[in-house]
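Any read-out appearing in this document is the output of simple, stated calculations on the displayed coordinates, not a laboratory observation. Keep in mind that what you see is a predicted model, and the values were worked out from it rather than measured. Because the Cβ atoms are built from the backbone with ideal geometry, glycine has one as well, and the counts that use them run over all protein chains shown.
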Amino acid sequence: MLILTCPCCGIKADETELAPGGEAHIKRHGPGSSDAEFEAYLFTRANPRGVHFERWRHAYGCGKWFLAARATDTLEVFGTYPATSTAVPDAILSRIRARRPDWIKPDRIKPA
Amino acid sequence: MSHRLPSGGRLIDRATTLGFTFNGRRLKGYGGDTLASALLGNDRMLVGRSFKYHRPRGIVASGPEEPNALVGLGQGARFEPNQRATTTDLFADLVAQSQNHWPSLDFDIGALNGLMSRFLSAGFYYKTFIHPRAFWKHLFEPTIRHSAGLGRPTSEPDADRYEHLYAFADVLVIGGGIAGLQAARTAAESGARVMIWEQSAHWGGRAPVDDPDVEGMPPDDWISATLHWLRAQPNVTLRSRTMGAGVYDHGYALGYERVTDHLPGLDAPRHRLWRVRAGRIITATGAIERPLSFAGNDVPGVMLAGAVRDYVVNFGVAPGRRTVIVTNNDDAYRTAITLHSAGLEVAAVIDARARATGDLPQRARSLGIRVMTGRAIARVRGGGRVTGVDICQHTGTGAAGALIACDAVAMSGGWSPVVHLWSHCGGKLIWDAGAALFRPDPARAPTGADGAAFVAAAGAANGVMRGAALLADARAAAAGGDAPAPEPEAITPVWIMPAAAGPGLRAKMWLDFQNDVKVSDVQQAAREGYVSVEHAKRYTTLGMATDQGKLGNINGLAVLSDAQGAPIPDVGTTTFRPPYTPISMGAIAGEARGDVFQPLRRTPMHDWHAAHGADWEPAGQWRRPYCYLRPGEARNDAVAREILAVRGGVGLIDASTLGKIIVKGPDAGRFLDMLYTNMMSNLAPGKCRYGLMCSENGFLIDDGVVARIDEDTWLCHTTTGGADRIHAHMEDWLQCEWFDWRVYTANVTEQFAQIAVAGPKARDLLQALGGLDVSSGALPFMSWAGGRLAGIPLRAYRISFSGELSYELATPAGHGLALWRALVDAGQDLGVIAYGTEAMHVMRAEKGFIMIGDETDGTVIPQDLGLGWAISRKKADYIGKRAQERAHMTDPDRWKLVGLQTLDGSVLPEGAYAVTDARNANGQVVTEGRVTSTCHSPTFDRGIAMGLVRHGPDRMGEVLRFNRVDGTTVEARIVDPCLYDPKGGRQDV
Amino acid sequence: MSDPVSALPGARYTGYVTVAEAGVQGMITLRGDPSADALRRALRAAIGADMPDRRRIVAGTAGAVAWMSPDEVLILLPHGEAARVVAQMQAALAGEHALVVDVSDARAMFTLRGKGSGADVREVLAKLCPVDLAPAALPAGEVRRTRAAQAAVAFWIDAAGVAHLICFRSVAQYVFDLISLSARPGAEAGLFPDP
């Protein structure tokens, strides 16, 4: 069972206080988008063994959504950051690179 | 025979005699006994029978690794099967019975299986029961079910209570032997918040039995001094009778505290499950002795050497009067010395090693104990009890030499560190060939949230068995740093005895005593190609018994490794999974049983409903009245009565469970236009509008009426199930996508009790209360007004889900019951009734209104339901719009909503499909529609239904055939979904 | 007009901790930018309190204010005052982007009172909530939103060691039963030392 620190209220939250929200940093495509764009937005998800970016909601706590960078294989948490972030904070990217030198940053993950 | 010694026993109190019952026989033990020691003290060595062959089984061990001494404990609602006698503290009037035998423990029919053992070898089940196929269902399965299972649970509800406890520690030490105590002390001295668990009632582990001194002190003195210090520290929590059951991600650990097992009847939780988050975990879980694999090693009277001296030292009980010790290591000589010191006869120490020159063997020799090196036990004599052993050369094939008469055999194959908790969360092991054991690999420890190791093993659990090295190892585990390397154990691995034993002997060498797995079974599995240790385990059932292979697994995999010619570390171990030993279902459930099994949500009028015949229906965690039963009334009759009363007069339904969400802000209108398929921004204050919400996939997820409260505030009603879900959906979009939009939401579902007042006399009823002007002029259809009725503050929404004149009254929840009662009282002359959810469902079906969850199932878009009128074409975007433009969503062949009327007036089966004569490529019947809602309509006195049908709206009047579960079909005509008052005059008066 | 009733009027259980329903309690949800002057002024005018720091509850002259999330506080005041204060604050915040809503009837409130400094109260909560309740980890006056078994709750422990716990009204019976069960005599676990 994970512990993730909610960046909104500062609580080190037990997983049972949290609700998962799937992959983070997905760009919304609405009317006017191509079928391919819309398919990618709606269905295409990364499923890495390793570094992953996720959405979580502190559902039983402050109710706020936040984002987390963690490793799906070891469950190491590289950091949590606000849901309003369009980019991954530098400190988190640095930590990922320090811990996982072989990690290749996906294109959709933007540095701050 | 096993017996109580005239003196000794450091844990028992001979002044306290405890009577107990085993298999109906009244026996006596002492305070401080375990059930196992008390049974041995009464010469009850035979305590059960094995699972497969029903072989007689005696006590083998003294702790949680015990595979044989499983008993049914207690009576009635407190009866519990499969309790280990070795970890059951004796208490007055304990009642236990042995298991897995019929008709009696001493004479057991199932033991005939033993005669069949050559036909019941590894993989017997797989090979035998697979053919002929028909036999499985009618012969094999019933027979196996009859004989399967170990122990029978009681059918009565558990009489005890249980609880969970969340706790936090910087350092959690699991195991209260001297390594654990030392680790806890070292950690506490650093100022850390420390918790330490010991599974038994006693601290100190094996040291008082095994060690002459600890840091120059008698072990008991060292233990009590350390405990005294720890107990004085405010930052240390000590729990005995608490087993570390599992170690999980991010420092999570479960502790199983047996609070009252030894104090039955005490009004306290029986078990407490500690749910702990620890910064670091130190596993000081000790080691478990391995049996030796020689023929007849399962005969009652053959025990682990460590257990034999435990019984003597701790309980003053001797398993036998004349004991043979068989070993491959020096440690077992402790048993010889202990027995000798207690005045018991040691017939011989049979040592498989060519030489035994360590301190312990020399001390044994100096006491006059006969030591026979290079020897082995060829076979054990005796059936229900050991009578002697045949001795042979260890390097040979087992040609018997001397017979040594004895009534007990103490065996030691070396010690295996308890690596379970280390391994639960991914810790890896290394094979230490010199010491012949697997121990934790510190380079591959479980890692936590920060990526660093969070588990360290200490002491015997780390392969450091005793002495100063053990304490140094414990300090290092607690403080970090490296401990000096321990002195190597004096051991020579022996996996079968004698080394070149033939098939006849190997078929009598037990690896798993509970599941009857022998050396020959594992060798056979290897021959038949089971390379993976996990597969071999399942094929042979080795280690699959309730003890999970604590005794036999290492021996088993060594045999497998030998059979494969592969080194032991290449074969590896099976997976160690929590819990370490079985824990009670009650502990897992904790408080969640009975009334608090799960939250039961109640509206403010709940008790009124209950007092007036409510026939409850769950709606999520809510309970809603399905109908109100009058004395002697059937459900269908009650529903029909309620519907006719509403249609003809006036009725009340508790609609408090409907979701109510306030959406406010300068961008609230814009936000709601994205959320709903239709326009909400242009709704005038004071007005209501029905709206649909879709997911980004385009599918309909919720519906409800939106009221505009003021210029920048809207109130959104959701379905009962939608309140929390839709509020979360709104917050998701607001927090994560449109976080620059100025909108706040508040879920006020529970702030209001809501009552729908429906029926042609609804207005009369409200006017009877007095206050708010509810006339059609002041409060027209699809509008709302705030005010008071009968002095109670409320909002009245003129909306209708029944097709009748209807008001939904929302009052602060604290006034809900008062408003409901006022309506009931004022409505007596009007014949007001309370109606339930089923009447509501039928009335909306008569009106052709859709219901989320009936007409929708996560694959239905509003366009399928004839709700195109509620989809704005003017809006550039709304959630789901792009998805609804996809090719499959605009396919003209999509099934669309229609009404359905059976030709014979019967009620269509729920979920029935419209079948055609065509078949698809797989030979399946082609369908062209399905029923989504179906019921008997009292208004029309016939079955009515709605369904989704291919090209349905274009096929009005056509007759379809719907399947029934009995294979027949029923004909129904496609009609308009709205049967009742299609022009809508009744609701808009 | 009828007097409003709370969820479980008079409910009380005395175990090794006493749990009692607190009766009707005025509550107002205030959402907005907590650093905005208008919001702070409105709060001070209505309650006589400043905006609480993160996760804190502060007392004012006319009530108390509990931090709920970065853009939300819960105002506690006498039930009879809630409607008036909502109207007052809505007027004061007209034209501001803020939400003031009366939620007095949406919740139930309980007090948990122990025998000593509150160690027993903390223990009873620790049986239900995945929260470190040690005084150093959860000091007096810190608001913790979490779950109690399967229900959402918020609570804080005051300087006298009394816990105040808020849950949704519909689950009041469930939460009351949970706490009562956890506080039953004989279930004392001794998790926290009582100095």
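Taking Cα centre as origin and charging only the Cβ of basic (Lys, Arg, +1) and acidic (Asp, Glu, -1) residues, the dipole magnitude of segment B:561-643 rounds to 320 debye. Whole Å is fine, so just give me how far the alpha carbon centre of segment B:35-88 lies from that of segment A:91-109. When both Cα centres are located, 56 Å separates them. Sorted ascending by nearby beta carbons within 10 Å, beginning with the fewest, B:Tyr539, B:Tyr690 become B:Tyr690, B:Tyr539.
For chain A, what does the alpha-carbon gyration tensor say about shape, rounded, prolate or oblate, given a ≥ b ≥ c as the root eigenvalues, a/c under 1.5 as rounded, and a/b over b/c as prolate?
Cα axes put chain A in the oblate bin.
The label-point distance for B:Ala778 and B:Trp741, in a model that sets each label 7 Å from Cα toward Cβ, rounds to 3.6 nm.
Suppose a student asked you for the relative contact order of segment B:291-413, using Cα pairs under 8 Å spaced at least 6 residues apart; what percent would you report? Could you put the intermediate results ahead of the total?
Numbers: 290 pairs, mean separation 41.9, N = 123.
Across segment B:291-413, relative contact order equals 34 percent.
Using alpha carbons only, how many angstrom separate the centre of segment B:940-959 from the centre of segment C:9-76? That distance is 55 Å. Scalar couplings 3J(HN,Hα) for segment B:754-766, obtained by applying the Karplus form with A = 6.51, B = -1.76, C = 1.60 to θ = phi - 60°, are 10, 10, 8, 10, 10, x, x, 9, 4, 5, 4, 5, 5 Hz; x denotes Gly and Pro.
Our helix-only sum for chain B, with -39,500 (n - 2.57) per DSSP H run of n ≥ 4 divided by its residues, gives a mean residue ellipticity at 222 nm of -6000 deg cm²/dmol.
What size of dipole, in debye to the nearest 20, comes out for segment B:801-886 about its Cα centre when the only charges are +1 on Lys and Arg C-beta atoms and -1 on Asp and Glu C-beta atoms?
On the way: 9 positive and 12 negative charges, 123 e Å.
Approximately 600 debye in magnitude.
Based on C-alpha pairs under 8 angstrom that are at least 6 apart in sequence, chain B has a relative contact order of 9 percent. 3J(HN,Hα) along segment B:65-82: 7, 4, x, 9, 7, 9, 10, x, 10, x, 9, x, 5, 9, 6, 9, x, 6 Hz, from the Karplus curve 6.51 cos²θ - 1.76 cosθ + 1.60 with θ = phi - 60°, whole Hz, x for Gly and Pro. Among B:Glu696, A:Glu39, C:Glu21, a tally of other beta-carbon atoms within 10 Å of each Cβ gives an order, fewest to most, of A:Glu39, B:Glu696, C:Glu21.
By the helix-only formula, in which each DSSP H run with n ≥ 4 contributes -39500 (n - 2.57) and the sum is divided by residues, chain C has a 222 nm mean residue ellipticity of -6000 deg cm²/dmol. Close amide H contacts of B:Ala655 (hydrogens built in the peptide plane, cut-off under 5 Å, sequence separation of 5 or more or a different chain): B:Gln754, B:Ile755, B:Ala756.
Mean projection of the alpha-carbon convex hull of segment B:553-595 over all orientations, in nm²?
Numbers: hull surface 16.4 nm².
Directional mean of the projected Cα hull area for segment B:553-595 stands at 4.1 nm².
Along segment B:619-633 the Karplus relation, 6.51 cos²θ - 1.76 cosθ + 1.60 evaluated at θ = phi - 60°, assigns HN-Hα couplings of 9, x, 8, 6, 10, 10, x, 6, 7, 10, 8, 8, x, x, 8 Hz to successive residues, with x for each Gly and Pro.
For a footprinting-style exposure proxy, rank B:Ser7, B:Ser62, B:Ser190 by other Cβ within 10 Å, fewest first.
Details: B:Ser7 9, B:Ser62 28, B:Ser190 13.
Going from sparsest to densest Cβ surroundings: B:Ser7, B:Ser190, B:Ser62.
Shape of segment B:291-413 from its Cα gyration tensor (a ≥ b ≥ c, root eigenvalues): rounded if a/c is under 1.5, otherwise prolate when a/b > b/c, or oblate? If you can, show how the numbers build up before the last one.
Working: a/c = 1.74, a/b = 1.12, b/c = 1.55.
It comes out oblate by the Cα gyration axes.
All Cα-Cα distances of segment A:69-112, cut into 10 Å bins from zero to the largest, leave 27, 61, 12 percent in each bin in turn.
With the cut-off at 1.5 for a/c, could you classify segment B:659-750 from its C-alpha gyration tensor as rounded, prolate or oblate? It would help to have the intermediate numbers written out before the result.
Values: a/c = 1.28, a/b = 1.08, b/c = 1.18.
It comes out rounded by the Cα gyration axes.
Computed on segment B:659-750, with alpha-carbon pairs under 8 angstrom and 6+ residues apart, the relative contact order is 40 percent.
What chymotrypsin sites (Phe, Trp or Tyr not before Pro) in segment B:890-969 are in a loop by DSSP, with at most 15 other Cβ atoms within 10 Å of the Cβ? It would help to have the intermediate numbers written out before the result.
Details: sites: B:Trp895, B:Tyr913, B:Phe940, B:Phe962; in loops: B:Phe940.
The qualifying sites are B:Phe940.
Centre-to-centre separation between the Cα atoms of segment B:707-739 and those of segment B:807-862: 22 Å. Of B:Pro56, B:Gln99, B:Asn82, which is farthest along the charge dipole of segment B:3-114 in the positive direction, counting Lys and Arg as +1 and Asp and Glu as -1 at C-beta? Result: B:Pro56.
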